[in-house]
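Peer 1: Starting off with a structure, shown below.
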Amino acid sequence: MDVQQSNPFQPPQADLQQAPTNQSPLYSVAGVGLATFIGTPLAGAWLLAHNLQLLGKADRVAMVWGISVLLLVVTLVLAFVLPEEVPAMPFAIAQLMAMIMFAKSLMEADLKQHAEAGGAFLSNWRSAGIGVMFTLGLAALMFAVLMIFDI
């Protein structure tokens, strides 16, 4: 009897395959767009930041937040400056398209690799819920600011 074969603590002799490095579920570009549409660019930035951290690109998170805050500020300033006759929908569509293009440029290739490796994606319902939460938070913040400054 061979001593090596009878050792119960010996590692198996099977070839082990390399597991995919990132199997955490990610948000899709459509999810980022949905959250942006419902909850301003800040909600889209939240999802982008989540994805970038899981993809190992945390150095880009500050840029994502900066661009989303800039988009939100520009939209809010235009809403207060322009006359009421100017429709608001083109501005909402513009910020939505900007965030979708931004998300695609940042992580479209990574999301494709993730999908090909069998990675999971988080539900768009979750993205919508995050958008609603950001909308409620922003509305509460704006209400508080208006009450403080008595506008």
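The values are calculated or read from the model by the stated rules, or taken from the named source; none is laboratory data. Quantities reported herein were computed from a predicted structural model and do not represent experimental measurements. Here the Cβ positions follow ideal geometry from the backbone for every residue, glycine too, while neighbour counts run over all protein chains shown. With ligands, DNA and RNA removed, areas are computed over all heavy atoms of the protein, side chains included. Shrake-Rupley method; radii C 1.70, N 1.55, O 1.52, S 1.80 Å.
Peer 1: How many residues does segment 115-151 hold that are within 20 Å of LEU55 (Cα to Cα), of a type in the set (Gly, Ala, Ser) and surrounded by 15 or more Cβ atoms within 10 Å (Cβ to Cβ)?
Peer 2: Residues flagged as within 20 Å of LEU55 (Cα to Cα), of a type in the set (Gly, Ala, Ser) and surrounded by 15 or more Cβ atoms within 10 Å (Cβ to Cβ) within segment 115-151 amount to 2.
Peer 1: With the requirement that a residue be in contact with a strand residue (DSSP E or B) (Cβ under 9 Å, 6 or more places away or on another chain) and among the aromatic types (Phe, Trp, Tyr), what does segment 75-131 give you?
Peer 2: The one that is in contact with a strand residue (DSSP E or B) (Cβ under 9 Å, 6 or more places away or on another chain) and among the aromatic types (Phe, Trp, Tyr): PHE121.
Peer 1: I would also like to ask the following. Out of LEU111, LEU96, LEU141, LEU106, I need the residue that is over 14 Å from the mean Cα position of the chain (by Cα) and not small (Gly, Ala, Ser). Which one?
Peer 2: Of LEU111, LEU96, LEU141, LEU106, the one residue that is over 14 Å from the mean Cα position of the chain (by Cα) and not small (Gly, Ala, Ser) is LEU141.
Peer 1: Would you check which residues across segment 82-114 are of a type outside the set (A, V, I, L, M), open to solvent by less than 60 Å² (accessible area, probe 1.4 Å) and closer than 15 Å to LEU52 by Cα and list them?
Peer 2: Across segment 82-114, the qualifying residues are PHE102, ASP110, HIS114.
Peer 1: Still on this structure: Has segment 113-129 got at least one residue that is aliphatic (A, V, I, L, M) and out of contact with any helix residue (DSSP H, G or I) (no Cβ under 9 Å at 6 or more places or on another chain)? Let's see the steps before the verdict.
Peer 2: We begin by selecting, within segment 113-129, every residue aliphatic (A, V, I, L, M); these are 115, 117, 120, 122, 128.
Narrowing further to those that are out of contact with any helix residue (DSSP H, G or I) (no Cβ under 9 Å at 6 or more places or on another chain): 115, 117.
Taking every residue of segment 113-129 in turn, at least one turns out to be aliphatic (A, V, I, L, M) and out of contact with any helix residue (DSSP H, G or I) (no Cβ under 9 Å at 6 or more places or on another chain).
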